[in-house]
Amino acid sequence: MRGFFRRLFGGGQRWSAPAGGGGFFLDVECDRCAERFHLHINRANDCLQVFDEPGIAWRLQREVVGAQCRAQIQVRIDIAPSGQIVSRDIVHGRFLEADEVVPNAD
């Protein structure tokens, strides 16, 4: 009986990270004040598992609030079972390209 509840609530092997790792970085910029955010997204903790849409395994829905203008940046990303990003959408901000991201000096 315990195995049934574990599978029902996501405690089984199905939730192990697919190929490509269990997380990724997300770089966004606020439309109003140009504040930039470098966020680490952990697929196991930050994403919801999707069962009813073919081709989509996880969905990230995140609101980012900056310190400068307090605008709410809304991000939605759909991820395929292979770990590839299927679609992404952002409101009140924009996704930064790889050449726009300043490498961390740590």
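Quick note: the coordinates plus some simple rules give every number you see, no bench work behind them. Note that the coordinates shown come from a computational prediction; the quantities given were computed from them, not determined experimentally. Here Cβ is always computed from backbone atoms with ideal geometry, including for glycine, and neighbour counts include all displayed protein chains.
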* Could you list, in sequence order, the residues of segment 75-91 that are acidic (Asp, Glu) and touching a Gly at 6+ places or on another chain (Cβ under 9 Å)? -> Asp78
* Does segment 23-45 hold any residues that are of a type in the set (D, E, K, R) and under 19 Å from Asp78 (Cα atoms), and which are they? -> Asp27, Arg43
* Please work out if Ala80 is aliphatic (A, V, I, L, M) and under 24 Å from Val101 (Cα atoms). => no
